[in-house]
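As structure tokens, the structure follows; a few thoughts come after it.
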Amino acid sequence: MASDPKVHTFEEVAKHSKTKDCWLILSGKVYDVTPFMEDHPGGDEVLLSATGKDATNDFEDVGHSDSAREMMDKYYIGEIDPATVPLKRSYTPPQQSQYNPDKTSEFVIKILQFLVPLLILGLAFVVRNYTKE
């Protein structure tokens with residue numbers, strides 16, 4: 001039987017995130033999927049988007065076939081050290097500039113949205129009354 005599998009750190013696996021060098025973490029195991037990049041039915045972009053994180057959920061959400069799961073064995077290169085995997089990937093949303101920091105102009109717009117239709121209605125009423133006579 002084969003010797004103990006090599007244990008990889010998360011940082012080491014995260015470095016392999018290119019088309020010509022792509023490693024994935026699935027269910028605590030590390031796979032070198034570089035040879036499969038061109039053959040993947042979803043394209044290499046799908047595999048590249050799963051690098052640098054635990055891709056187990058991404059893999060399971062797609063609903064891969066049994067043959068796809070069996071195919072993974074030939075790409076297996078070791079285990080991931082669970083102590084090095086971040087518990088939660090921190091997401092920082094991009095900074096957005098305030099659309100309209102001056103609230104007074106917002107108030108003016110709302111007043112105009114109310115007054116302009118009333119003015120048009122009033123003008124139509126006046127024109128109708130003066131053209132009757």
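The values are calculated or read from the model by the stated rules, or taken from the named source; none is laboratory data. Keep in mind the model is a prediction, meaning the values are calculated, not measured. Cβ atoms come from the backbone with ideal geometry, glycine included; neighbour counts cover every protein chain shown. Heads up: the accessible areas ignore ligands, DNA and RNA and are worked out on the full protein's heavy atoms, side chains in. Shrake-Rupley method; radii C 1.70, N 1.55, O 1.52, S 1.80 Å.
Here are the numbers:
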item	result
Answer residue from segment 24-58, given it is in a helix (DSSP H, G or I) and over 22 Å from Pro5 (Cα atoms) and is least open to solvent (accessible area, probe 1.4 Å) among those	Leu47
Options Lys103, Lys74, Lys110: the member that is modelled with pLDDT of 90 or more and over 13 Å from Leu26 (Cα atoms)	Lys74
Selection from segment 1-23 of residues that are among the acidic types (Asp, Glu) and in a helix (DSSP H, G or I)	Glu11, Glu12
Members of segment 1-48 that are closer than 15 Å to Tyr75 by Cα, free of Cβ contacts under 8 Å to residues at least 24 places away in the same chain and polar (S, T, N, Q)	Thr34
